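Taken together, the values in this text are just the output of simple stated rules run on the coordinates, not laboratory data. Given the structure is predicted, the values throughout are model-derived calculations rather than measurements. No Cβ is skipped: glycine too gets one built from the backbone with ideal geometry, and neighbour counts run over all protein chains shown.
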Amino acid sequence: MNMYSAGLAVFLGGGVGALSRFSIGIWLSTIKNGILPGHWITFLINLFASIGLALLVKYTDTKSTFFLLLGTGFCGGWSTYSTFSVEVAQLIHSGQFLQALAYISASLLVISALVYLIYCR
């Protein structure tokens, strides 16, 4: 695999992942008038991206074009830990300390535990 095909795989996967994240976020926020607050939508997207990446790392060759397309590209574009950080800051800034703590705990502990169970078992 040459550098151009690797870069193209990451580029295409990342674009589709980012567009998927955006579309799913919009769709979930409109279901039943936004039944889930935005930070829990981010949690769900991070959860599925983390599970997907863990499965890819466990079951595929991480040096393959397939992994670059789906793991590095799609999961990297789909996962939203930068959004997570901003939302935590916004919750703390607005005085929602318990909501921020619950969100941080669920995001880090639950997702990390699931990735551990998938990847290390």
Taking R0 as 25 Å and r as the Cβ-Cβ distance between Phe11 and Phe48, the FRET efficiency 1/(1 + (r/R0)^6), rounded to the nearest 0.05, comes to 0.70
Final fewest-first order of Arg121, Arg21 on the 10 Å Cβ neighbour count is Arg121, Arg21
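Kyte-Doolittle mean at least 0.0 and Cα extent at least 24 Å along the axis: which DSSP H helices of the chain qualify?
3-30, 38-59
Report the gain in length on full extension from Ser20 to Ser105: 0.36 nm times residue separation, minus Cα-Cα distance, nm rounded to one decimal.
That pair, Ser20 and Ser105, stretches by 28.1 nm at full extension.
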Fewest to most Cβ atoms within 10 Å: Ile111, Ile51 sort as Ile51, Ile111
Scoring the chain by relative contact order with C-alpha pairs under 8 Å, at least six apart, yields a percentage of 37
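Could you rank the peptides 78-85, 98-105 by their average count of other C-beta atoms within 10 Å per residue, with the highest value first?
In decreasing order of mean packing, 78-85, 98-105 become 78-85, 98-105.
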Kirkwood-based Rg/Rh on the Cα set of the chain evaluates to 1.03
Expressed in angstrom and rounded, the centroid-to-centroid distance over alpha carbons for the stretch 90-121 and the stretch 55-76 is 24
The answer for Thr80, listing residues at least 5 apart or on another chain whose modeled amide H is closer than 5 Å to its amide H, is Asn46
